[in-house]
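Note sheet for the following structure.
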Amino acid sequence: MARPTNRYARAQARARYRKPKRRGSGLWWNVAIGVIVILGVGGIVLSRTSSGGNGGSPAIGDHIHAQLDVFDCETGGFLSPTPEFEVTTDGTRTGLHTHGDGFIHIHPFTSADAGDNATVGTFLSNAGFDISDDSWELWQGDARQNGDVCGDGQPGVVRWAVNGEEQDGDPGDYKPDDNDRVVVAFIPEGQDIPAPQDLTQTQD
């Protein structure tokens, strides 16, 4: 006959085997997974807003593109695309440049072309040109100032639109988002800003 101590030990072992599992560990596991998912989604949203223009600002290493069209009522047509350049007027390589395809290629190498500096104005200044809310001095010797007459004799003003929506302020201050289509036009007040041209972007 087995000793009582052995029966007691077996009873304890059976009790341990039948003891229900604690549920707390499963709950905390689910909470941890939920926190990880929320943080991951938040990180994706922040990274996307930091890669664009006025909703964010491109950082060093980002690579986005925006179309830039310029229309002059004096000739009644668009200027040719911004001439190709990859260095500034002082010979510095720049991440705000163009391949002559009508697109601003924005992939900053330094802080000079990143963040709040990644503007239409900085892009044009890099190539030796200038634009503001009341004038511009661009390629092809094209210089316009509010009040200059158009080809039909009406006075024109600098106006601009992004993705078909007219904007206020200085177009040079605009920070393009990826795939933006920016049109800057010298036209009379009340005249529709022309739609963007149908251009093909180079893949660099």
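The values are calculated or read from the model by the stated rules, or taken from the named source; none is laboratory data. Since the structure is predicted, the reported quantities are computational estimates derived from the model, not experimental observations. Positions of Cβ are generated from backbone atoms using ideal geometry, with glycine treated the same way; all protein chains shown enter the neighbour counts.
Is it the case, given these coordinates, that V183 is among the β-branched types (V, I, T) and farther than 23 Å from I64 by Cβ? So V183 does not fit the description; no.
The single residue among D116, D101, D90, D69 that is outside any loop (DSSP other than H, G, I, E, B), surrounded by fewer than 21 Cβ atoms within 10 Å (Cβ to Cβ) and not small (G, A, S) turns out to be D116. Residue check: is Q140 polar (S, T, N, Q) and either closer than 22 Å to P196 by Cα or outside the structural domain of T89 (by TED's automatic domain parsing) (or both)? In short, yes.
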